Amino acid sequence: MGFVLHELMLTFTQSGYTSIRQHGEETYPHECCGVLLGRFDDSGASTKTVSRVVRCGNTRADSPHNRYNIDPRELIRIQREGRERGEDIVGFYHSHPDHPAQWSSTDLGEAHWFGCSYVITSVEKGKAAATNGFELTGADEADKKFVDEKIEVS
Ligand SMILES: [Zn+2]
């Protein structure tokens with residue numbers, strides 16, 4: 001009887017993974033953002049598969065170099081169109097121009113989709129560097145936290 005570590009995993013296709021990283025390079029020195037559509041694995045609930053990357057416009061005109069926001073109406077449309085194809089929103093992505101691929105307190109504060117992934121790509125001098133994933137976990141807003149998630153490209 002061993003203690004099994006609960007490992008979280010997010011799987012991308014090569015083209016999806018490339019797409020989110022290129023998006024960050026294209027919008028540099030501003031943050032890019034977008035939605036990850038796909039499936040939650042029914043068997044474990046700890047893995048998700050991204051089948052579609054939807055690029056969004058960053059509506060944070062006041063501070064686009066270090067903030068991002070997805071228009072809620074755009075998000076509702078993406079969710080509806082995904083459901084018509086049998087896809088759920090499994091996560092979100094954004095970039096950190098010239099900052100590490102680690103979540104900020106603002107990122108945590110503005111994250112509200114429990115069980116979803118938040119993927120961050122560091123873009124250093126215009127080139128995509130590290131990409132890291134975090135799952136939003138917790139019982140409620142007061143209890144929420146990000147847990148490291150492994151990203152796999154298949
Ligand atoms: Zn961020």
Any residue that is away from the ligand (no atom under 12 Å from the Cβ), of a type outside the set (D, E, K, R), free of Cβ contacts under 8 Å to residues at least 24 places away in the same chain and out of contact with any Cys (no Cβ under 6 Å at 6 or more places or on another chain) - is there at least one of those in region 128-140? yes
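Quick grid of which residues meet (1) under 20 Å from Glu152 (Cα atoms); (2) at pLDDT below 95:
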residue	(1), (2)
Gly16	yes, no
Ser19	yes, no
Gln22	yes, no
Ser46	yes, yes
Gly57	no, yes
Asn66	no, yes
Take Glu124 and decide whether it is at pLDDT 95 or above, open to solvent by 30 Å² or more (accessible area, probe 1.4 Å) and of a type in the set (Asp, Glu). yes
Pairs under 7 Å by beta carbon, first residue within 22 Å of Thr106 (Cα to Cα) and modelled with pLDDT of 95 or more in region 143-154, partner open to solvent by 60 Å² or more (accessible area, probe 1.4 Å) and assigned to a strand (DSSP E or B), six or more apart or different chains? none
Being open to solvent by 20 Å² or more (accessible area, probe 1.4 Å), under 18 Å from Ile151 (Cα atoms) and either within 16 Å of the ligand (Cβ to nearest atom) or among the polar types (S, T, N, Q) (or both) is true for just one of Thr59, Thr47, Thr106. Which residue is that? Thr47
Within region 85-101, the residues that are surrounded by fewer than 14 Cβ atoms within 10 Å (Cβ to Cβ) and either more than 11 Å from the ligand (Cβ to nearest atom) or farther than 16 Å from Lys125 by Cα (or both) are Arg85, Gly86
Does Tyr68 satisfy being within 15 Å of the ligand (Cβ to nearest atom) and over 24 Å from Leu8 (Cβ atoms)? no
Going by the structure shown, is Gly115 within 15 Å of the ligand (Cβ to nearest atom) and under 22 Å from Tyr17 (Cβ atoms)? no
Pairs, please: C-beta under 8 Å, at least 6 apart or cross-chain, first residue more than 17 Å from Asn58 (Cα to Cα) and in region 74-100, second within 12 Å of the ligand (Cβ to nearest atom) and open to solvent by 40 Å² or more (accessible area, probe 1.4 Å)? His99/Asn66
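The values are calculated or read from the model by the stated rules, or taken from the named source; none is laboratory data. Just so it is clear, the structure is predicted and the values come from calculations on it, not from any experiment. Glycine also receives a Cβ, built like all others from the backbone with ideal geometry; neighbour counts cover every protein chain displayed. We work out accessible area using only protein heavy atoms, side chains counted, and drop any ligands, DNA or RNA first. Shrake-Rupley method; radii C 1.70, N 1.55, O 1.52, S 1.80 Å.
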